[in-house]
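J.: The structure is given below, and queries will be raised subsequently.
The values are calculated or read from the model by the stated rules, or taken from the named source; none is laboratory data. Everything quoted here is computed from the prediction, not taken from an experiment. Please note: Cβ atoms are built from the backbone with ideal geometry, for glycine as well, and neighbour counts cover all protein chains shown.
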There are 2 protein chains.
Amino acid sequence: MSPFCAAVDWGTSSFRLFLLDAVGDVLAERRSGEGMSAVREGEGGFAAVLERHLADIAAPADCPVVCCGMVGARQGWVEAPYVETPASVAGIAAAAMRVPQQGRPVFILPGVAQRPGVEGHGGFDVMRGEETQIAGLGAQRGRRLACLPGTHSKWIAVEGETITGFATFVTGDLYAAAAGHTILKHSIGETADAFDRESFAAAFRAAFERPGEATNLMFEIRARGLLDPGHSFEAGSTLSGLLVGLELAGVKSRFGDLGRPVLLAAGRLAAVYEAAFAEAGLPCDIADADAAVRRGLFAAAKEILR
Amino acid sequence: MSPFCAAVDWGTSSFRLFLLDAVGDVLAERRSGEGMSAVREGEGGFAAVLERHLADIAAPADCPVVCCGMVGARQGWVEAPYVETPASVAGIAAAAMRVPQQGRPVFILPGVAQRPGVEGHGGFDVMRGEETQIAGLGAQRGRRLACLPGTHSKWIAVEGETITGFATFVTGDLYAAAAGHTILKHSIGETADAFDRESFAAAFRAAFERPGEATNLMFEIRARGLLDPGHSFEAGSTLSGLLVGLELAGVKSRFGDLGRPVLLAAGRLAAVYEAAFAEAGLPCDIADADAAVRRGLFAAAKEILR
């Protein structure tokens, strides 16, 4: 089948391109580390990176391209200004920016911004790329929360095909800062790669139930290492449990009833958040984040190119 | 009057020595940056630093010395093993370690350790030096909480002259890590020195009332900077408010009724915590941390040397 479009998920640190046919099936695929922060203006910039990958998979010269992610940030290729919540799939696609002076049609999807007071459960917040994963989940019945864990974990409330509100937590970012640049650097180190479910669960429960104690429980990691040298707890998994527990307490505080969230994650992050949901007694569904962003880009392409 | 003892507060990054007479008045005083981490074994180590300062103030060769702080840690001069809660002033003094092979009597006070389950409101925790500030406050009627803010803020419950329990919060440590090593480094920077009471107060209230949202409210600092470029809030004071709010929520969770805490702080830290207490509707007293540690060392010296 001939290509319908190229779909590009272009983030801060990664580039993924899918050549899709008219029903959204993958004809070819490219992945690289050429995220926004690796693209150099002197080497032809974003256009050169994109065209090289398209040439490698022999995409036709007139094949349109739809991109999402940090490529549309101010410091990206062409700024695609945020649309505001409530934001529908169609509204996001309608606000796509066409990149000027390209030989082929290239569109960049906007991110979504939230301002206080609109939905009641949110302050200022922004996303770029995650809205396209949400679009790829398809229409939801009633309100559904989606959890996209990571450096900046995002919890997104969706009704039908509309993002009604969201909240970002600096969970992964703060983990790295605390593990590397506080007194906890003496406790976390060579063991940082092991995930100890029991240590994680105990810390998660403590912070989820008593979120105010989180920064005290962080110091306890250090104190326990000094006072209980034969201890069996794992410091990194404990810190992770504290920060994810704090996050889930905050999600409850922000959104109230969590229902049955959908978790968009894979690998270790999926395992960590599944453990958290299990401790919180929360049923969840897992969705493939890769497939979601691809389907979301395809849905946007159909809106833009029809 | 002739000297009774030299009292030394010897922490990680600072050295303070007071030559005291028999009623605890100051005859002479020395301050330097020769904290534990600046002392070099090759240059005569701790003994050389101490003797040089004593010589500078012409202290008699037999004048006894009592020290507190990190100088008694494993990586310090001579390890003074922790005493455990409940820990009385007399009990702490009784566990002082005499430094061997010194020309004069030199004693190092132990720190205090807490193990879970003893007091009900505490997990593993340690202090070194703060117990001597507490001793300097004198006997308390009923239970009193003392707040010693800083890199690792300590909240200490005192009954009479006994430390019954305590909790350390990584507030200052986490502030520096978050401000310097997360996405917030883009928001906090040139303005980090200004204390904006209104920004602090708004953030404090939010985190104190809804501690689970703290890591979401951290991201909001960044998002607000992007979406509300004419904003009037100060990012550093906001982050400070969030972390101090989280701390006070945790203190409430750990200790229940806070009563009328005594704040052992000076300068900017005192102003920040006074603002926090005012927002929380909490009356407090302020004590001079410098005078407290000197009086605590003097009380210990009287116990040890009698």
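J.: Going through B:135, B:139, B:96, B:146 one at a time, which residue ends up being surrounded by fewer than 16 Cβ atoms within 10 Å (Cβ to Cβ) and more than 14 Å from chain A (Cβ to nearest Cβ)?
T.: B:139
J.: Under 7 Å between Cβ atoms, which residue pairs at least 6 apart in sequence (or on different chains) link something in the stretch A:219-248 that is more than 9 Å from every other protein chain (Cβ to nearest Cβ) with a partner that is surrounded by fewer than 21 Cβ atoms within 10 Å (Cβ to Cβ) and among the aromatic types (Phe, Trp, Tyr)?
T.: A:237/A:195
J.: In addition: If I ask for residues that are buried (at least 20 other Cβ atoms within 10 Å of the Cβ) and not hydrophobic (A, V, I, L, M, F, W, C), which ones from the stretch A:244-275 would you list?
T.: Answer for the stretch A:244-275, where residues must be buried (at least 20 other Cβ atoms within 10 Å of the Cβ) and not hydrophobic (A, V, I, L, M, F, W, C): A:245, A:247, A:250, A:254, A:261, A:273.
J.: Collect the residues in the stretch B:188-199 that are in a helix (DSSP H, G or I) and either surrounded by fewer than 17 Cβ atoms within 10 Å (Cβ to Cβ) or at the interface with chain A (Cβ under 9 Å from one of its Cβ atoms) (or both), keeping them in residue-number order.
T.: Within the stretch B:188-199, B:197, B:198 qualify.
J.: Taking residue B:50 and the conditions (1) more than 21 Å from residue B:110 (Cβ to Cβ); (2) crowded, with 18+ Cβ neighbours inside 10 Å; (3) touching a strand residue (DSSP E or B) at 6+ places or on another chain (Cβ under 8 Å), which numbered condition does it fall short on, given that it satisfies the others?
T.: Among (1) more than 21 Å from residue B:110 (Cβ to Cβ); (2) crowded, with 18+ Cβ neighbours inside 10 Å; (3) touching a strand residue (DSSP E or B) at 6+ places or on another chain (Cβ under 8 Å), the lone unmet condition for residue B:50 is (1).
J.: Here's a check for you: in the stretch B:101-115, which residue that is away from every other protein chain (no Cβ under 14 Å) and part of a loop (DSSP other than H, G, I, E, B) is surrounded by the fewest Cβ atoms within 10 Å (Cβ to Cβ)? Even if it seems obvious, please write down each step before you answer.
T.: First, pick out the residues of the stretch B:101-115 that are away from every other protein chain (no Cβ under 14 Å): B:101-109.
With part of a loop (DSSP other than H, G, I, E, B) added as a condition, the list becomes B:101-105, B:109.
Values: B:101: 6, B:102: 15, B:103: 9, B:104: 16, B:105: 15, B:109: 29.
Selected residue: B:101.
J.: Which pairs turn up if I take residues in the stretch B:15-41 that are more than 21 Å from residue B:59 (Cβ to Cβ) and look for partners that are part of a strand (DSSP E or B) with beta carbon separation below 8 Å, at least 6 apart in sequence or on another chain?
T.: B:36/B:10
J.: Separate question: Considering the stretch B:200-247 alone, what residues qualify as being under 27 Å from residue A:81 (Cα atoms) and touching a strand residue (DSSP E or B) at 6+ places or on another chain (Cβ under 7 Å)?
T.: B:215, B:216, B:219, B:220, B:223, B:226, B:227
J.: Need the failing condition index for residue A:151 against (1) among the hydroxyl-bearing types (Ser, Thr, Tyr); (2) more than 9 Å from every other protein chain (Cβ to nearest Cβ); (3) within 23 Å of residue A:10 (Cβ to Cβ), just the number.
T.: Unmet for residue A:151, out of (1) among the hydroxyl-bearing types (Ser, Thr, Tyr); (2) more than 9 Å from every other protein chain (Cβ to nearest Cβ); (3) within 23 Å of residue A:10 (Cβ to Cβ): (2).
J.: Among the residues that make up the stretch B:62-81, is at least one of them within 15 Å of residue B:103 (Cβ to Cβ) and surrounded by fewer than 16 Cβ atoms within 10 Å (Cβ to Cβ)?
T.: Yes, because at least one residue in the stretch B:62-81 is within 15 Å of residue B:103 (Cβ to Cβ) and surrounded by fewer than 16 Cβ atoms within 10 Å (Cβ to Cβ).
J.: Filter the stretch A:200-217 down to the residues that are in contact with a Ser or Thr (Cβ under 7 Å, 6 or more places away or on another chain) and surrounded by 24 or more Cβ atoms within 10 Å (Cβ to Cβ), then identify the one that is nearest to residue A:270 (Cα to Cα).
T.: A:200
J.: Can I ask one more? Is it fair to say residue A:208 is of a type in the set (Phe, Trp, Tyr), farther than 27 Å from residue A:108 by Cβ and more than 14 Å from chain B (Cβ to nearest Cβ)?
T.: Here the answer is no, as residue A:208 does not meet what is asked.
J.: Report, by residue number, each residue of the stretch A:271-294 that is in contact with a Leu (Cβ under 8 Å, 6 or more places away or on another chain) and touching a residue at least 40 places away in the same chain (Cβ under 8 Å).
T.: A:273, A:276, A:280, A:284, A:287, A:289, A:292, A:294
J.: Just to be sure I understand, how many residues within the stretch B:82-100 are more than 19 Å from the chain's Cα centre (by Cα) and part of a loop (DSSP other than H, G, I, E, B)?
T.: 4
J.: Next question. Looking only at the stretch A:276-288, which residues are part of a helix (DSSP H, G or I), touching a helix residue (DSSP H, G or I) at 6+ places or on another chain (Cβ under 6 Å) and either surrounded by fewer than 22 Cβ atoms within 10 Å (Cβ to Cβ) or of a type outside the set (Gly, Ala, Ser) (or both)?
T.: A:279
J.: For the stretch A:202-212, indicate whether the set of residues that are among the basic types (Lys, Arg) and closer than 16 Å to residue B:215 by Cβ is non-empty.
T.: Yes - at least one qualifying residue is present in the stretch A:202-212.
J.: I've got another one for you. If you check B:298, B:233, which single one turns out to be farther than 24 Å from residue A:219 by Cα and at pLDDT below 95?
T.: Sole residue among the options that is farther than 24 Å from residue A:219 by Cα and at pLDDT below 95: B:233.
J.: Then there is this: Tell me which residues, restricted to the stretch B:154-184, are out of contact with any Phe, Trp or Tyr (no Cβ under 9 Å at 6 or more places or on another chain), assigned to a strand (DSSP E or B) and not β-branched (Val, Ile, Thr).
T.: Selection gives B:159, B:160.
J.: Report yes if residue A:172 is more than 24 Å from residue B:222 (Cα to Cα), modelled with pLDDT of 95 or more and out of contact with any strand residue (DSSP E or B) (no Cβ under 6 Å at 6 or more places or on another chain), otherwise no.
T.: Judged against the criteria, residue A:172 is not a match.
J.: Now a separate question. Given the structure, is residue B:185 within 28 Å of residue B:13 (Cα to Cα), at pLDDT below 95 and within 14 Å of chain A (Cβ to nearest Cβ)?
T.: Yes; evaluated as a whole, the condition is true for this residue.
J.: Within the group A:37, A:88, which residue is surrounded by fewer than 22 Cβ atoms within 10 Å (Cβ to Cβ) and closer than 30 Å to residue A:160 by Cβ?
T.: Residue meeting the stated conditions: A:88.
J.: Still on this model: Identify all residues within the stretch B:249-263 that are farther than 20 Å from residue B:151 by Cβ and either in a loop (DSSP other than H, G, I, E, B) or facing chain A (nearest Cβ under 9 Å) (or both); write none if there are none.
T.: B:252, B:253, B:256, B:257, B:258, B:259, B:260
J.: I'm told residue A:267 meets every condition in (1) more than 9 Å from chain B (Cβ to nearest Cβ); (2) under 30 Å from residue A:139 (Cα atoms); (3) touching a residue at least 24 places away in the same chain (Cβ under 8 Å) except one. Can you identify the failing condition by its number?
T.: Of everything listed in (1) more than 9 Å from chain B (Cβ to nearest Cβ); (2) under 30 Å from residue A:139 (Cα atoms); (3) touching a residue at least 24 places away in the same chain (Cβ under 8 Å), residue A:267 misses just condition (3).
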